[in-house]
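Student: Take this structure first; my questions come after.
What follows draws every value from the coordinates through simple rules; no lab data is involved. Predicted, not measured: the structure shown is a model, and the values here were computed from it. All Cβ positions, even for glycine, are placed from backbone atoms using ideal geometry, and neighbour counts span all protein chains on display.
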Amino acid sequence: MQECGAISTKYACSNAANCTNNELAVLQWGSSGVTLNPLYSLPSDPYTPVANTVINWGSYGFADLTVAPEYSVYGSTLNTTQTKRVVSNFTEYYGLNSTYNAARLMQAVFNKNDTVLQIFGIALEQNTSGLQTVVQTLRALA
């Protein structure tokens, strides 16, 4: 068994002893960094297989989850700074944890307002093609 702090070392967390749930969520949502690089993964034990999403990951999985929740599954991967901006609730970063921002983005997606989508892409430091892939996926799911 690995020593205490192995998870923090593996995922470059701020505390040497452990990672916060926020650090792991940002890593997973932006780049699938936890499931693509699990702390322990043995071919003979499918508990934490290498995967790009948390759907069916581990013995318990998420029964009500039918579509991958990670941004990285639908578009390009995001670094930590980009992911924190996307999930923030600050309107100046166009964070999607703000109801106003999320509604503006969805409106732009479904109304095909590329000008607003371009503004979101710039604010989130995401290249247009990566955001466009996500937008196309959202439109297909609607």
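Student: Going by average Cβ density within 10 Å per residue, which order do the peptides 62-69, 34-41 take, highest to lowest?
Tutor: Listed from highest to lowest mean packing, they are 34-41, 62-69.
Student: Calculate the FRET efficiency for Phe62 and Asn97 from the Cβ-Cβ distance with a Förster distance of 25 Å, rounded to the nearest 0.05.
Tutor: Once the sixth-power term is evaluated, E becomes 0.80.
Student: If each of Ala123 and Ala25 carries a label point 7 Å out from its Cα toward its Cβ, how far apart are those two points in nm?
Tutor: 2.0
Student: Under the rule a/c < 1.5 gives rounded, and otherwise a/b versus b/c splits prolate from oblate, where does the range 1-68 land using the Cα gyration tensor?
Tutor: Oblate, since a/c reaches 1.5 and b/c is not below a/b.
Student: If I take R0 = 22 Å and measure r between the Cβ atoms of Thr115 and Thr80 in this structure, what FRET efficiency does the formula 1/(1 + (r/R0)^6) give, to the nearest 0.05?
Tutor: 0.20
Student: Turning to a different aspect of this structure: I need to check one value: relative contact order of the range 1-68, counting alpha carbon pairs closer than 8 Å and at least 6 residues apart, in percent.
Tutor: 17
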